[in-house]
Amino acid sequence: MPSQGSSPPINLPTRDEKLALQGTSGSPSSLNRYVTDQDPRLSGFGLLTLPYQGSVAVGDLVSPAAGGLVKCDPSDTAKMPAAGMVRQIVDGSSCVVQLLGPITGLTGLTPQAVYYVGPSGTPIPSSALGDLSEGDILQAIGIAVTASTLSLSPSTYLVVKP
């Protein structure tokens, strides 16, 4: 029977496999088996260019409606649920919307806090839910990963504030 520590268990990755897990960009190959989010080909994931109605701005949460997206309003069922966040205004009638995933470049987020659709149609932390009125729709839209990154994942579970 071999002594403990004499040979590594079979399921441990080799040094080369560990290095490959760090991720790179480029085409997968025998030396580059794990292509990660560092790959520029993955940068547009979850982004759509869609028409909008009314007034929307970068950072607004938007909901699908007949004729285009509308800025979310938790007090108006016709302007809920949130489906994504505006990332760019393309022109006077269309915008780029992110539906899912990390949104970077934000400021003042509370790490590990759950964020909801706020009364102004932008994300608010759970600690600010008092800003919503009785009868407003509560919808979680993501979690702050850092003070500047929100992991966007709009919930399909909606609750009316008592």
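The values are calculated or read from the model by the stated rules, or taken from the named source; none is laboratory data. The model shown is predicted, which means the values in this text are computed figures rather than measured ones. In this analysis, Cβ positions are derived from the backbone assuming ideal geometry, glycine residues included, and neighbour counts consider all displayed protein chains.
Report yes if Val97 is surrounded by 15 or more Cβ atoms within 10 Å (Cβ to Cβ) and modelled with pLDDT of 95 or more, otherwise no. Step through it out loud before you land on a result.
Details: surrounded by 15 or more Cβ atoms within 10 Å (Cβ to Cβ): yes; modelled with pLDDT of 95 or more: no.
No.
Show me the strands (runs of 3 or more DSSP E) found entirely inside the stretch 61-116 where at least 3 residues are under 22 Å from Ile137 (Cα atoms).
Numbers: elements: 61-65, 68-71, 84-89, 94-98, 101-103.
In the stretch 61-116, the matching strands (runs of 3 or more DSSP E) lie at 61-65, 68-71, 84-89.
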Out of the residues in the stretch 120-147 that are aliphatic (A, V, I, L, M) and farther than 17 Å from Val62 by Cα, which is modelled with the lowest pLDDT?
Leu132
Which one is nearest to the chain's Cα centre (by Cα) among residues in the stretch 123-147 that are assigned to a loop (DSSP other than H, G, I, E, B) and surrounded by fewer than 17 Cβ atoms within 10 Å (Cβ to Cβ)?
Val145
What about Leu150, is it closer than 20 Å to Ser63 by Cβ, at pLDDT 90 or above and crowded, with 20+ Cβ neighbours inside 10 Å?
yes
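Among Arg41, Arg33, which is the only one that is out of contact with any Leu (no Cβ under 6 Å at 6 or more places or on another chain), surrounded by 12 or more Cβ atoms within 10 Å (Cβ to Cβ) and modelled with pLDDT under 95?
Details: Arg41 fails: surrounded by 12 or more Cβ atoms within 10 Å (Cβ to Cβ).
Of Arg41, Arg33, the one residue that is out of contact with any Leu (no Cβ under 6 Å at 6 or more places or on another chain), surrounded by 12 or more Cβ atoms within 10 Å (Cβ to Cβ) and modelled with pLDDT under 95 is Arg33.
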